[in-house]
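Student: I'd like to ask some things about the structure below.
The values are calculated or read from the model by the stated rules, or taken from the named source; none is laboratory data. Note that the structure is predicted; figures quoted are calculated from it, not measured. When we count neighbours, we look across all protein chains shown, and the Cβ atoms used for this are built from the backbone with ideal geometry, even at glycine. What goes into the accessible areas is simple: the full protein's heavy atoms, side chains included, and nothing from ligands, DNA or RNA. Shrake-Rupley method; radii C 1.70, N 1.55, O 1.52, S 1.80 Å.
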Amino acid sequence: MEPAPVPEKPSLPKLREAVQECRACELYKGTTQAVLGEGPTRARAMLVGEQPGDREDIEGHPFVGPAGAMLDRGLREAGIERSDVYLTNVVKHFRFRARGKRRIHQRPEREHVQACRPWLDAELAVVRPRVLVCLGAVAAQGLLGSKVRVTRDRGVPLDSDLADVVMVTVHPSSILRAGDDRAAAYEAFLQDLRAVAGALTTPA
Ligand code: SF4
């Protein structure tokens, strides 16, 4: 595999163009495009999910599917302005297996997260968010190490030098899968996002 072709002096437009040429792992095969993060260059919070889903792969934007709608609702109800938030994923191509005409989400492996890390590091270097939030175990363990447990460590600041405040919470897609527990799962998610909102209003 080739190294990720991250530009030497990255900007978000340069990264967005360069990531389309990435062949640092096999996940580009069969996808529509790579999906870089989106949001203001100087966003105060960066939220990092797992990977683009089916809709994101087709449309080329992160968090535009049902999980994105859940996240939007949570941000709105927690009082976090979208203009404060840069949304991205630890893996930039959609990993799936084909079942007939459908593409079924497959969780990326650790090797994919590692291969894709230079893109996230470049986004962090450009945006330099004050608050970093990992959404779900793949992002949390990919960025903070395998000892992190989302259920145990969620909603509180964790020890990391990636940003002034680093937190983890669930991926919004897990709320969609929570069945009868969906309301409680959403409430817990909202509580975590309120902690993020609190960190954003605390002076640096
Ligand atoms: S998933 Fe990441 S590392 Fe793999 S090809 Fe896509 S951009 Fe490159």
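Student: 5 Å is the cut-off here: which amide hydrogens, built 1.01 Å from N in the peptide plane, fall below it relative to G136, excluding neighbours closer than 5 in sequence?
Tutor: When sequence neighbours closer than 5 places are left aside, the close amide H contacts are T169, V170, H171.
Student: Please list D84, D57, D181 from largest to smallest accessible area, probe radius 1.4 Å, with all protein chains kept in place.
Tutor: The residues order as D181, D84, D57, largest area first.
Student: Using the alpha-carbon centroid of each, what span in Å lies between the stretch 8-56 and the stretch 88-165?
Tutor: The stretch 8-56 and the stretch 88-165 have Cα centres separated by 12 Å.
Student: Order the following by accessible area, largest value first: H171, H112, H105. Probe radius 1.4 Å; ligands, DNA and RNA are ignored.
Tutor: My answer, sorted largest first, is H105, H171, H112.
Student: Go through the stretch 114-131 residue by residue and turn each phi into a ³J(HN,Hα) via Karplus (6.51, -1.76, 1.60, θ = phi - 60°); whole Hz please, and just put x for glycine and proline.
Tutor: My calculation for the stretch 114-131 gives 5, 4, 8, 3, x, 5, 5, 4, 5, 4, 4, 5, 7, 7, 6, x, 7, 10 Hz in order.
Student: Rank R107, R154, R16 by mean-square fluctuation in a GNM of the chain with C-alpha springs under 10 angstrom and give only the top-ranked residue.
Tutor: Fluctuation is largest for R107.
Student: Sticking with this structure for a sec: Could you calculate the contour length gain from R102 to E187, that is, 0.36 nm times the residue separation minus the distance between their Cα atoms, to one decimal place in nm?
Tutor: 27.5 nm
Student: Would you list V131, V156, V170 from the most to the least accessible area, probe 1.4 Å?
Tutor: V156, V170, V131
Student: Next question, about the same structure. With a 1.4 Å probe and all protein chains kept in place, how much accessible area does L143 have, in Å² rounded to the nearest 10?
Tutor: 20 Å²
Student: For the chain, divide the Cα radius of gyration by the Kirkwood radius and give the resulting Rg/Rh value with two decimals.
Tutor: Result: Rg/Rh = 0.94.
Student: Could you give the dipole magnitude of the chain about its Cα centre, charging the beta-carbon of Lys and Arg +1 and that of Asp and Glu -1, in debye to the nearest 20?
Tutor: 420 debye
Student: Hey, another quick one. Per residue, how large is the accessible surface of the stretch 1-159? Use a 1.4 angstrom probe and give square angstrom.
Tutor: I get 51 Å² per residue for the stretch 1-159.
Student: Hey, another quick one. Go ahead and estimate [θ] at 222 nm for the chain from helices alone: -39,500 (n - 2.57) per DSSP H run with n ≥ 4, summed, over the residue count, rounded to 500.
Tutor: -11500 deg cm²/dmol
Student: How far is it, in nm, from the label point at R23 to the one at M1 when both lie 7 Å from their Cα along the line to the Cβ?
Tutor: In this crude label model, R23 to M1 measures out at 1.4 nm.
Student: Could you tell me what percent of the accessible area of the stretch 1-124 is made up of carbon and sulfur, with a 1.4 Å probe and every protein chain present?
Tutor: Exposed carbon and sulfur together represent 47 percent of the surface.
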